[in-house]
1. Taking the inverse of the average 1/r across all pairs of different Cα atoms in the chain, what Kirkwood radius in Å do you get?
2. Label points 7 Å out from Cα along the Cβ direction at S58 and A37: separation in nm?
3. Take Q49 and A9, extend 7 Å from each Cα along the Cα→Cβ direction, and tell me the distance between the two endpoints in nm.
Amino acid sequence: MERRPAPSASSLLAAAALAGAIVYWRANDRQRSRKLAEDIDAGIAEGRQAAGELLHESADDSRTV
């Protein structure tokens, strides 16, 4: 059985940098997903409010006619 040499310090440093980049990318991706979800929720709430105002106005208009 052949024995492998120990990894060099530079290869360990490269592996640690790559792992750090992956963690940073995943955290950033989650943050973007949360921001996108918040923007979508805000848009839905704004649309519901506008629809409610229109329904309220149309109900008022139908009462006066």
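1. About 17.2 Å for the chain.
2. Output for this residue pair reads 3.3 nm.
3. Label at Q49, label at A9, 5.9 nm between them.
Read the figures in this text as sums done on the coordinates, not as results from a lab. Small disclaimer: the values here were computed from a predicted structure and weren't measured. Methodologically, a virtual Cβ is constructed for each residue, glycine included, from the backbone with ideal geometry; neighbour enumeration extends over all protein chains shown.
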